[in-house]
Every structure is written in structure tokens, then in C-alpha cells.
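Colleague: After the C-alpha cells below, expect a handful of questions from me.
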Amino acid sequence: MSRPNAKKAIPSTDQQSVYAHPLVPALRSLEIPFTSAPERPELIRLDRSCKNGNFVVICIHGKEAAHVALLVVYPIKTVAPAQFETLRLLNHLNDALPGGGFRLDFSDGEITFRHCIHLGDAPLDPESVRCALALVCYAVDHALPQLAAVALGQCTYAEVLARHNRQGGDN
């Protein structure tokens with residue numbers, strides 16, 4: 001028996017479901033460990049190891065966006081006198097890559113690499129996520145020695161490319 005003016009419990013009709021980052025199912029399928037924080041569910045952190053060191057890939061999903069950005073911040077910053085030469089090398093590297101892009105922040109010398117996974121209506125295929133991560137790892141790892149030398153003013157863009165070509169490296 002209910003009281004005449006008692007409020008009844010109304011089942012929740014809140015359409016807002018718990019947010020799930022679109023990469024989570026693919027990362028779990030690929031058994032790639034990741035971390036996330038409840039206060040920032042749109043960010044996932046991947047710790048990666050490559051030939052030239054360890055780095056962090058931040059996977060950023062804007063809830064309104066149709067993509068996930070994979071972002072790596074390089075462990076070095078460009079010294080001011082070497083910024084132009086570093087930019088020349090970054091442009092060369094960007095032209096050689098099938099996707100993604102190196103960027104240089106002129107205000108603080110920070111070098112970043114960014115690649116995007118475009119989302120469709122279907123769940124992400126784990127293989128496309130694996131390929132995107134492989135591109136990021138290759139680009140970051142492959143470019144680190146050359147970028148460090150140019151960004152720190154140890155050599156010019158032309159010198160690092162000539163040295164790389166003499167060693168039989170690819171672009």
C-alpha cells in the first residue's frame with residue numbers, strides 16, 4: 001500500500017550510458033596492455049618499447065569526433081637555433097610516411113607525432129588498430145636518432161640524411 005503523496009521510484013531512463021573508449025575491444029583482442037583513468041576515459045595510455053627506447057602513445061578519442069588520435073611526445077625538445085633544420089627533417093619524414101605526421105611546436109621546441117584512426121559505424125577491426133600502432137612505433141623509433149641529432153644542433157638536416165643514405169637506410 002502506497003501513501004497518497006509518496007514519490008515512486010522511477011526507473012532510470014537516462015540515455016547516457018557508460019562511456020567506452022572505441023579502442024578498448026581491439027586492444028583487448030590483441031592483448032595489448034593499456035591504462036586509463038576514470039576521470040579521463042577518453043584517454044588511453046600505451047607504453048611501447050622499440051629499438052631506440054621506450055615511449056608512451058596517448059590514444060585520444062573526442063566523444064563527438066569520428067577518429068581516435070594516437071599521439072607521441074618525443075623525449076627531446078628542439079633547441080632554438082636548430083628549429084629550422086628540425087622542421088626540414090620533419091617535413092622530409094612526413095613526406096616519406098604513408099600516414100601520420102610529425103609536428104614541431106615553435107614556442108617550446110616540443111616534437112610530437114600524431115596519427116589518426118578513423119572510426120566508422122562498425123566496431124574497429126583489431127588488425128587496423130595493430131597496423132596503426134605499428135606505423136606509430138616505426139615512425140617514432142625510426143626517426144628518433146636522426147631527430148635527436150638535428151634537434152639538438154649536432155648536425156644539419158642535409159648531414160643526417162647523407163649519413164643515413166650512406167648507411168643504406170630507407171627514408
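Colleague: Out of (1) more than 23 Å from Y157 (Cα to Cα); (2) in contact (Cβ under 8 Å) with a residue 40 or more places away in the chain; (3) touching an Asp or Glu at 6+ places or on another chain (Cβ under 8 Å), the odd one out for G62 is which?
Modeller: (2)
Colleague: Can you say whether C155 is of a type outside the set (A, V, I, L, M) and either in contact with a Phe, Trp or Tyr (Cβ under 6 Å, 6 or more places away or on another chain) or under 22 Å from H61 (Cβ atoms) (or both), as far as the supplied structure shows?
Modeller: no
Colleague: List the number of the failed condition for E127; all other conditions in (1) assigned to a helix (DSSP H, G or I); (2) modelled with pLDDT under 90; (3) acidic (D, E) hold.
Modeller: Result: E127 fails condition (2) only.
Colleague: Is it the case that some residue within segment 80-101 is more than 30 Å from Y157 (Cα to Cα) and among the hydrophobic types (A, V, I, L, M, F, W, C)?
Modeller: Checked segment 80-101: no residue is more than 30 Å from Y157 (Cα to Cα) and among the hydrophobic types (A, V, I, L, M, F, W, C).
Colleague: If D121 satisfies every condition in (1) of a type in the set (D, E); (2) over 24 Å from Q154 (Cβ atoms); (3) outside any loop (DSSP other than H, G, I, E, B) but one, which is the exception?
Modeller: It is condition (3) that D121 fails.
Colleague: So, one more: Taking the options R114, R48, R103, R88, name whichever one is assigned to a strand (DSSP E or B), under 30 Å from A162 (Cα atoms) and in contact (Cβ under 8 Å) with a residue 60 or more places away in the chain.
Modeller: Of R114, R48, R103, R88, the one residue that is assigned to a strand (DSSP E or B), under 30 Å from A162 (Cα atoms) and in contact (Cβ under 8 Å) with a residue 60 or more places away in the chain is R48.
Colleague: Can you tell me how many residues in segment 73-126 are touching a His at 6+ places or on another chain (Cβ under 8 Å) and surrounded by 13 or more Cβ atoms within 10 Å (Cβ to Cβ)?
Modeller: 6
Colleague: OK, next. Could you give every pair whose Cβ atoms fall below 6 Å, whose first residue belongs to segment 135-158 and is without any contact (Cβ under 8 Å) to a residue 60 or more places away in the chain, and whose second residue is β-branched (V, I, T) and part of a helix (DSSP H, G or I), counting only separations of at least 6 or pairs across chains?
Modeller: Q146/V160; A149/V160
Colleague: Look at G153 and say whether it is out of contact with any strand residue (DSSP E or B) (no Cβ under 9 Å at 6 or more places or on another chain), surrounded by 15 or more Cβ atoms within 10 Å (Cβ to Cβ) and assigned to a loop (DSSP other than H, G, I, E, B).
Modeller: Yes; evaluated as a whole, the condition is true for this residue.
The values are calculated or read from the model by the stated rules, or taken from the named source; none is laboratory data. Small disclaimer: the values here were computed from a predicted structure and weren't measured. Neighbour counts are summed over all protein chains in view; Cβ atoms, including those assigned to glycine, are modelled from backbone coordinates with ideal geometry.
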